[in-house]
1. What is the distance in Å between the Cα centres of the range 20-41 and the range 53-95?
2. For the chain, report the convex hull volume of the alpha-carbon atoms normalised per residue, in Å³, without decimals.
3. Given a Förster distance of 25 angstrom, what is the FRET efficiency for CYS38 paired with ILE88, based on the Cβ-Cβ distance and rounded to 0.05?
4. Loop only by DSSP, 12 or fewer other Cβ within 10 Å of the Cβ. Give me the GluC sites (Glu not before Pro) in the range 44-100 that pass, ordered by residue number.
5. Can you give the longest stretch of the chain with no exposed loop site, where a site means trypsin sites (Lys or Arg not before Pro) in a DSSP loop (not H, G, I, E or B) with at most 15 other C-beta atoms within 10 Å?
Amino acid sequence: MKALLVFCNVPDRAQAERIAQALVAGRLAACVNILAPCRSVYRWEGKVESADEIPLIIKTTDDAYPQLEQQLRALHPYQVPEIVACDIVVGLPDYLTWVGGQVFSRE
């Protein structure tokens, strides 16, 4: 089992709460941090845009990632949501074991 951090921005607090609850209740994530609003600047359809967004930090496993990505895409209001995953290379072993125990396993 490899633990992952998944980053995803959503447009508002209500969406953040709804997505976090669904991912944890569905055992696709051990924990979701809902961060303070931030301002995102990006290029979309040939124009520079900006928007206030709520960042999510999602703790999951590589085994659960495909289902997590599918669920995020289904719940997310954006046409192309930001979904970026990074391996957790080092961390407190007890915490990483806890993450693995909270997320479903296909085994």
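1. 8 Å
2. It comes to 103 Å³ per residue, whole-number rounded.
3. Numbers: r = 22 Å, r/R0 = 0.89.
Here the calculated transfer efficiency is 0.65.
4. Values: sites: GLU45, GLU49, GLU53, GLU69, GLU82; in loops: GLU45, GLU82.
Sparse-neighbourhood loop GluC sites (Glu not before Pro): GLU45.
5. Longest gap between qualifying sites, sites excluded: 28-105.
Throughout, read-outs are computed from the coordinates displayed, never taken from laboratory work. Keep in mind it's a predicted model, so treat the numbers as computed, not measured. Quick reminder, even Gly has a Cβ in these numbers, built from the backbone with ideal geometry, and neighbours come from all protein chains shown.
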